[in-house]
Amino acid sequence: MTERYSFSLTTFSPSGKLVQIEYALAAVAAGAPTVGIKAKNGVVVATEKKAKNSLYEQDSVHKIEKIADHIGMVYSGMGPDFRVLVKRARKIAMQYESSYGEAIPTGQLVQRVGAVMQEYTQSGGVRPFGVSLLIMGMDDGKPTLWQCDPSGTFFPWKATALGKNHINGKTFLEKRFNADQELDDAIHVAILTLKESFEGAMTEENVEIGICNDLGKFVRLSHNEIKDHL
Amino acid sequence: MARSSSAGFDRHITIFSPEGKLYQVEYAFKAINQGGITSAAVKGHDTAVVVTQKKIPDKLIDSSAVKNLHVVEQGIGCMMTGMPADCRSQMTRARYEAANWHYKFGYKIPIDQLAKRIADINQVYTQNAEMRPLGCAMVLIGFDDEGQPRVYRTDPAGFYSSFKGTGVGVKQQECNAYFEKRNTKLASMSYMETVQVAIKCLSSVLSADFKPTDIEVGVVTAANKEFRMLSEEEIDQYLTSIAELD
């Protein structure tokens, strides 16, 4: 429909850096804090969801989204960019299942989403995505947690923090992480980590929590469930 | 590295600035206020209302042709605020998306899906350099599948959300503050009260006494889910009833 730029906007600087990607990471670091922790029997992600004023209906838009029955995704950074990646990830998951007749392993999904994000750092006339993703999944009973960056790089984590104050968040997690802890304990640690970067009181209204439980299913916790954990 | 990228193009097209911001998107927000218009939308117990200022730039213009409230689909109305041509473009696109959905899937597009679609289109403009973001904000009102009134707002950044009440344009902060003060009462307001609070909000933040020709008002109610624009007589009645309340 529209004429496309035929050249990439993300080009090398004289020192060999791709500055647009670095700026995209700056946009991520300015985003709301997100935490992910892998437990022995599941994975948990928690994210701050502050509305600018009380007129927002918080439940109309979610930050933690289901990609497949066993995979969930959350972000730090620019919300609209996240929606695009959710759509793509869902399609990738469905196409895999349609081609191969089995649920997509989380690592495969992450690789493909990473490839999409990389496309936008090299294609003509587009800017990189301003989000870092945390993708969590249960593959045959094994919990996995991955981070996907604007550059298209992905890392598997035991526990990590994104967004504002992520360096402190990661330090906090390093001290608190225990590979043998159960999912409930991991949820508790995730909430504590989030509290470190939280301004004001934390309630079930300004926080979203998602888990992959030992049944291999992704579930977003309801307000009441979050309240219990708090 | 403190110098800006590619000889300062980050202010001209939608690429990241060194701080990770998109200047073009921020400027698009400012463009919404260029027309000097303020609008507001609010929902009550079984009603959703949009109200906007009607500024006629020239006395020779046919005022009945100046409209910022439009029907997108039966049951969904929209209020456009911002640069007039961008508003028209986005409104027409919304109509197309709604009609396309109806054709493809055989049922009317739910209001939240339409808001999401428009917001996703706005996001594309923030990521592709060849198209600038549109300098307009769209507010959609209608009923959802559970029979509840809804107010959705999309902006040039590609963000969208459902609201209890919202302001758009020059005095949007003041409108938001006005609704926030009445937050707990909004959910139980009747049709009349909802229309009144919307009009009162606008006249309060603009410190203006409206004539019926100064504003446009559109409603959806449980009794009549079709988006309807109030006639001059009806607006006059409301303005009188508000004046009597004070």
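Every read-out reported here was derived from the displayed coordinates using simple, explicitly stated rules and does not represent laboratory data. All of these numbers come straight from a predicted model, not from anything done at the bench. Positions of Cβ are generated from backbone atoms using ideal geometry, with glycine treated the same way; all protein chains shown enter the neighbour counts.
Modelled spin-label separation between residue A:7 and residue B:107, with each label point placed 7 Å from Cα along the Cα-to-Cβ direction: 5.1 nm.
When the inverse distances between all different Cα atoms of the protein assembly as shown are averaged and flipped, the Kirkwood radius reads 23.8 angstrom.
As a length-normalised measure over Cα pairs under 8 Å and 6 or more apart, the relative contact order of chain B settles at 26 percent. In this simple spin-label approximation, residue B:231 and residue A:215 carry label points 7 Å from Cα along the Cα→Cβ vector, and these lie 5.8 nm apart.
If Rh is defined by the Kirkwood formula over all Cα pairs and Rg also comes from Cα, what ratio Rg/Rh do you get for the range A:1-98?
Values: Rg = 17.4 Å, Rh = 16.7 Å.
Radius of gyration over Kirkwood radius for the range A:1-98 works out to 1.05.
Think of each Lys and Arg Cβ as +1 and each Asp and Glu Cβ as -1; about the Cα centre, that makes the dipole of the range A:20-144 roughly 200 debye.
For the range A:147-196, compute the orientation-averaged projected area of the C-alpha convex hull (one quarter of its surface), in nm².
3.8
Over the protein assembly as shown, dividing the summed -39,500 (n - 2.57) contributions of all DSSP H runs of at least 4 residues by the number of residues returns a 222 nm mean residue ellipticity of -11500 deg cm²/dmol. Each residue, residue A:88 and residue B:146, gets one label point 7 Å from its Cα in the Cβ direction; the gap between the two is 3.3 nm. Pull out a ≥ b ≥ c, the square roots of the eigenvalues of the alpha-carbon gyration tensor of the range A:173-215, then state rounded if a/c is under 1.5, prolate if not and a/b is larger than b/c, and oblate in the remaining case. Verdict is oblate for the range A:173-215. With respect to chain A, whose longest principal axis is taken over its alpha-carbon atoms, helix A:166-176 is tilted by about 40°. Across peptide B:148-156, the average count of Cβ atoms from other chains found within 10 Å of a residue's Cβ is 1. Within the straight-line cut-off of under 29 Å between alpha carbons, the lysines reachable from residue B:59 are B:30, B:67, B:171, B:200, B:211, sequence neighbours fewer than 8 places apart in one chain being disregarded. Using a cutoff of 8 angstrom between alpha carbon atoms and counting only pairs six or more residues apart, the relative contact order for the range A:174-230 works out to 30 percent.
Positive-end ranking of B:111, B:83, B:138 along the dipole of the range B:57-161, with charges on Cβ about the Cα centre, is headed by B:83.
Average partner chain C-beta neighbours within 10 Å, per residue of B:161-171? If you can, show how the numbers build up before the last one.
Details: counts 10, 7, 6, 5, 3, 3, 1, 0, 0, 0, 0.
For this peptide, the per-residue mean of nearby foreign Cβ atoms is 3.
Hey, if you drop one equal point scatterer on each alpha-carbon of the range A:59-192 and run the Debye formula without solvent, what base-10 log of I(q)/I(0) do you get at q = 0.11, 0.22 Å⁻¹? Log10 of I(q)/I(0), two decimals: -0.41, -1.43. Using alpha-carbon positions, what is the distance between the centroids of the range B:127-153 and the range A:123-171, in Å? Computed from Cα coordinates, the inter-centre distance equals 29 Å. Averaging 1/r across all pairs of distinct Cα atoms in the range B:116-222 and inverting the result yields a Kirkwood radius of 15.5 Å. Computed across chain A, the Kirkwood hydrodynamic radius from all distinct Cα-Cα pairs reaches 18.1 Å. FRET efficiency for the residue B:188 to residue B:209 pair, using the beta carbon distance and R₀ = 22 Å, is estimated at 0.20.
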